[in-house]
Amino acid sequence: MFKTHLAFSVFAAILFIHYYRPKSPLLFSLVLLFSSILPDIDTRKSKIGRKTWPLCSLFSTVFGHRGFFHTAWIPIAGFLALRHFGHFELALAFFSGYSLHLLCDISTAEGLKVFSPLWKKHFRGIMKTGGVMEHLVLLLVCISIGLLLVRILG
């Protein structure tokens, strides 16, 4: 779910800002949050897919949902490209957000073929997307965000 991806990314952004201290915490956070929802540009059911429907339709038709946009190749390529142009912190934010999305999706029963087409191994977990367990995880992550903020700010 969109909310779960965003919650995990907010948690990660807070940790990065607190411990890594990027030069531009706001830009770092925005890139991390955006890249955490970007993989779902391949489905019209997602918020980003609905906002970018012409691209989404193309990507959905060519790759299908949880196809190419749900592999490790995009965060790796994005990291290398941004780093090449001298934006290491943004590269780290992009890689982190995108990878968090993939890790969340791997924990679902549908899972992912993260290294496709080179390796067809299907990684999967036990959670049903939008199910009770995902809602429980979302609640726990939100509580963790609150506790983390209290610890950092308090």
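The values are calculated or read from the model by the stated rules, or taken from the named source; none is laboratory data. Quick caveat: nothing in here was measured; it's all calculated off a predicted structure. Every residue, glycine among them, receives a Cβ derived from its backbone with ideal geometry; neighbour counts consider all protein chains shown.
Among the residues of region 17-24, are any over 22 Å from Leu140 (Cβ atoms), β-branched (Val, Ile, Thr), assigned to a helix (DSSP H, G or I) and more than 10 Å from the chain's Cα centre (by Cα)?
No.
Residues of region 97-131 being hydrophobic (A, V, I, L, M, F, W, C), surrounded by 14 or more Cβ atoms within 10 Å (Cβ to Cβ) and assigned to a loop (DSSP other than H, G, I, E, B), which ones?
If the condition is that a residue be hydrophobic (A, V, I, L, M, F, W, C), surrounded by 14 or more Cβ atoms within 10 Å (Cβ to Cβ) and assigned to a loop (DSSP other than H, G, I, E, B), then Val114 is the only one that fits.
Need the failing condition index for Ala12 against (1) surrounded by fewer than 19 Cβ atoms within 10 Å (Cβ to Cβ); (2) farther than 20 Å from Gly111 by Cα; (3) in contact with a helix residue (DSSP H, G or I) (Cβ under 9 Å, 6 or more places away or on another chain), just the number.
That leaves (1) as the condition not met.
Here is a check on your reading of the model: is Ser99 out of contact with any Asp or Glu (no Cβ under 6 Å at 6 or more places or on another chain), at pLDDT 95 or above and hydroxyl-bearing (Ser, Thr, Tyr)?
Yes; evaluated as a whole, the condition is true for this residue.
So which residues in region 92-143 are of a type in the set (A, V, I, L, M), under 14 Å from the mean Cα position of the chain (by Cα) and more than 24 Å from Ile17 (Cα to Cα), if there are any at all?
Ile106, Leu112, Val114 - these are the residues of region 92-143 that are of a type in the set (A, V, I, L, M), under 14 Å from the mean Cα position of the chain (by Cα) and more than 24 Å from Ile17 (Cα to Cα).
Go through region 18-58 and give me each residue that's more than 19 Å from Leu82 (Cβ to Cβ) and crowded, with 20+ Cβ neighbours inside 10 Å. Working first, answer last.
Of all residues in region 18-58, those more than 19 Å from Leu82 (Cβ to Cβ) come to 18-19, 40, 42-58.
Answer for region 18-58, where residues must be more than 19 Å from Leu82 (Cβ to Cβ) and crowded, with 20+ Cβ neighbours inside 10 Å: Asp40, Asp42, Ser46, Gly49, Cys56.
Of everything in region 64-78, what is among the hydrophobic types (A, V, I, L, M, F, W, C), in contact with a helix residue (DSSP H, G or I) (Cβ under 7 Å, 6 or more places away or on another chain) and at pLDDT below 95? Give them in sequence order.
Phe69
Only one of (1) at pLDDT below 95; (2) under 26 Å from Ile17 (Cβ atoms) is not met by Phe85, so which one is it?
Every condition holds for Phe85 apart from (1).
Could you say whether any residue in region 7-14 is over 20 Å from Glu134 (Cα atoms), part of a helix (DSSP H, G or I) and among the aromatic types (Phe, Trp, Tyr)?
No, the conditions are met nowhere in region 7-14.
Considering each residue of region 95-148, count those that are among the β-branched types (Val, Ile, Thr) and free of Cβ contacts under 8 Å to residues at least 40 places away in the same chain, and give that number.
5
Hey, does region 132-146 have a residue that's surrounded by fewer than 17 Cβ atoms within 10 Å (Cβ to Cβ), touching a strand residue (DSSP E or B) at 6+ places or on another chain (Cβ under 7 Å), outside any helix (DSSP H, G or I) and of a type in the set (A, V, I, L, M, F, W, C)?
Checked against the condition, which is being surrounded by fewer than 17 Cβ atoms within 10 Å (Cβ to Cβ), touching a strand residue (DSSP E or B) at 6+ places or on another chain (Cβ under 7 Å), outside any helix (DSSP H, G or I) and of a type in the set (A, V, I, L, M, F, W, C), region 132-146 yields no hits at all.
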